[in-house]
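Here's the structure we're looking at; comments come further down.
A short reminder: the numbers here are calculations on the coordinates, not readings from a lab. Remember, it's a predicted structure, so these values are computed and weren't measured experimentally. Backbone-built Cβ (ideal geometry, glycine too); neighbour counts: all protein chains shown.
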Amino acid sequence: MVKAERRENVSEEHGGFIVLVNLVRAFCEANGHASVNSLHLATQIWSMGDGIATLEANQLLDLFDRSIQPEALLDQSVRTMLAGVVSTAAA
């Protein structure tokens, strides 16, 4: 599939990402930070999740710390990111 075609079909091909954008927007609005760019923040979260998944798939995620669990790492990382956005937006 050509890059232009992927961009045309983004909402059909990547519906899960659109759900993430909407959830991030709802979170920001609920915390009084509607001005936060939810598309940008969702892209950061998606990229982080993709990186964790790639490292886990290549058996590199626990290379230095065998206690790391991918689900817990993603959960903690997203919580930290969201807390940072809310506290930064408040400043």
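For residue 61, enumerate residues with amide H under 5 Å from its amide H, sequence gap 5+ or separate chain, H modeled in the peptide plane.
56
Along the stretch 37-42, what does the Karplus equation 6.51 cos²θ - 1.76 cosθ + 1.60 (θ = phi - 60°) give for ³J(HN,Hα), rounded to whole Hz, x for Gly and Pro?
Ordered by residue, 3J(HN,Hα) equals 6, 5, 5, 5, 5, 5 Hz.
Over the stretch 3-90, how many percent of alpha carbon pairs lie in each 5 Å bin up to the one with the longest distance?
In whole percents, the pair-distance histogram is 3, 13, 19, 20, 16, 14, 11, 4, 0.
Please give the net charge around residue 49, taking every other residue with its beta carbon less than 11 angstrom from that of residue 49, where Lys and Arg add +1 and Asp and Glu add -1.
Cβ neighbours under 11 Å give a net charge of -4.
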